[in-house]
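The next block holds one structure in the form of structure tokens; read it before the comments.
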Amino acid sequence: MKTKLFIDTNIMLDLLGEREPFYNSIAKIATLADNRKITMIVSALSYATVSYFLTKFENTEKAKDKLRKFKVISEICDLDELIIEKGLNSNFSDFEDSLQYFSALKSDCKILITRNEKDFKKSQIPVMTANEYLKSINYK
């Protein structure tokens with residue numbers, strides 16, 4: 001069974017926005033997903049957020065094209081009433097982080113990939129940066 005990685009919004013934006021110095025490590029994870037070695041799970045919420053930021057720097061069609069290509073190599077986790085309820089009643093200081101976290105749990109993800117590890121201090125699953133994940137699997 002392939003490892004399921006939950007990809008936080010900032011990581012998705014690093015990839016699609018080709019943001020340095022973070023791009024290379026998430027690009028390697030995306031390659032693993034494209035080669036079906038892992039499964040990347042992303043919240044539906046991330047698509048809207050990433051689209052908003054991408055269109056600040058490039059035209060809408062180019063942004064949509066990037067999102068379409070990303071959709072091919074990832075799976076989308078529904079943002080449903082239960083996740084919203086859990087987020088509203090959680091101890092997270094950032095509501096969006098709570099939605100990401102409960103989406104990861106609902107999707108049975110084994111690891112949450114983010115650059116903001118401090119936002120997930122009480123996580124029941126491991127939280128890593130893209131670089132840390134690659135090191136954990138000895139990926140060069």
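A short reminder: the numbers here are calculations on the coordinates, not readings from a lab. Being a predicted model, the structure only gives us computed values, none of them experimental. Cβ: placed from backbone, ideal geometry, glycine included. Neighbour counts: every protein chain shown.
Quick notes
- F92 long-range amide H proximity, modeled H, under 5 Å: none
- Averaging Cα coordinates gives a centre for segment 64-81 and one for segment 30-45; these two points are 10 Å apart.
- Under Karplus coefficients 6.51, -1.76 and 1.60, residue-wise ³J(HN,Hα) of segment 39-49 in Hz, glycine/proline x: 10, 9, 10, 9, 6, 4, 4, 4, 4, 5, 5
- Cα-projected label distance for K135 with D94, points at 7 Å along beta-carbon direction, nm: 2.1 nm
- Per-residue ³J(HN,Hα) for segment 15-21, Karplus 6.51 cos²θ - 1.76 cosθ + 1.60, θ = phi - 60°, Hz, x for Gly and Pro: 5, 6, x, 6, 7, 8, x
- Residues in segment 63-74 carry Karplus couplings, in order, of 4, 4, 5, 4, 5, 4, 5, 5, 4, 5, 9, 9 Hz; the curve used is 6.51 cos²θ - 1.76 cosθ + 1.60 with θ = phi - 60°, and Gly or Pro positions show x.
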